[in-house]
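The values are calculated or read from the model by the stated rules, or taken from the named source; none is laboratory data. Small disclaimer: the values here were computed from a predicted structure and weren't measured. Because the Cβ atoms are built from the backbone with ideal geometry, glycine has one as well, and the counts that use them run over all protein chains shown.
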Amino acid sequence: MKIKGDGDSSYAKNSSTQGRVEKEKLDSFNRPMYGPSVDELKQLVQESQLFDIIDIRAFDLTFDPIDKLELEESATATTGRPYSVHEAIDNNHTTTLRAVTETLLASHFGESIMDDLFTLFACNVTRHLESCAWEESSIMAISVSLDTKVRG
């Protein structure tokens, strides 16, 4: 994941302007992300010869219309204010991303920017969902259960 960016919605660009993140920290942070297919992941695990795959599954995290309605109603009930489908979906994605990346980001940039960073990310997701055919897009997750190979 590259935090740096050129767009107006880039947290890196905005935060460096605000002086909240040191330029050196921005320049030194680079976490490329790659989303392999299930077959690529299987191949990598098999080539390593360190693990046996117990189970591997791909999940489409895109919500169907019924889920969208339930998600929107749940978000509205929780916050006490109306949530659009886009806001509800971005809240779900932002919460998931935060759970996965916050420790790494906070250790590099500090805890003080985390709330602002993920708030901006959520706004960017909402803007993206409102501006594209998000119903046709797909977000996939792969779950893998591994067992260590016994070396003898």
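Report yes if some residue within segment 127-140 is surrounded by 11 or more Cβ atoms within 10 Å (Cβ to Cβ), within 24 Å of Lys42 (Cβ to Cβ) and modelled with pLDDT under 85; otherwise report no. Walk me through how you get there before you give the answer.
Within segment 127-140, the first condition is being surrounded by 11 or more Cβ atoms within 10 Å (Cβ to Cβ), and the residues that meet it are 127-130, 134-135, 139-140.
Filter once more, so that each one left must be within 24 Å of Lys42 (Cβ to Cβ): 139-140.
Now restrict to residues that are modelled with pLDDT under 85: 139-140.
Among the residues of segment 127-140, at least one is surrounded by 11 or more Cβ atoms within 10 Å (Cβ to Cβ), within 24 Å of Lys42 (Cβ to Cβ) and modelled with pLDDT under 85, which makes the answer yes.
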Counted residues in segment 28-39 being loosely packed, with under 11 Cβ neighbours inside 10 Å and over 20 Å from Arg57 (Cα atoms) come to 3
Ile3 modelled with pLDDT under 80, β-branched (Val, Ile, Thr) and surrounded by 15 or more Cβ atoms within 10 Å (Cβ to Cβ): yes
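To keep it simple, each residue is scored yes or no on (1) at pLDDT 90 or above; (2) under 29 Å from Pro36 (Cα atoms).
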site: Gln49; (1), (2): yes, yes
site: Arg57; (1), (2): yes, yes
site: Leu61; (1), (2): no, yes
site: Leu69; (1), (2): no, no
site: Thr76; (1), (2): no, no
site: Gly80; (1), (2): no, no
site: Ser84; (1), (2): no, no
site: Thr94; (1), (2): no, yes
site: Ala106; (1), (2): yes, yes
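Glu24 - would you say it is part of a helix (DSSP H, G or I), modelled with pLDDT of 85 or more and either over 18 Å from Ser145 (Cβ atoms) or of a type outside the set (Val, Ile, Thr) (or both)? Break it down into steps so the answer makes sense when it comes.
Values: part of a helix (DSSP H, G or I): yes; modelled with pLDDT of 85 or more: yes; either over 18 Å from Ser145 (Cβ atoms) or of a type outside the set (Val, Ile, Thr) (or both): yes.
So Glu24 fits the description; yes.
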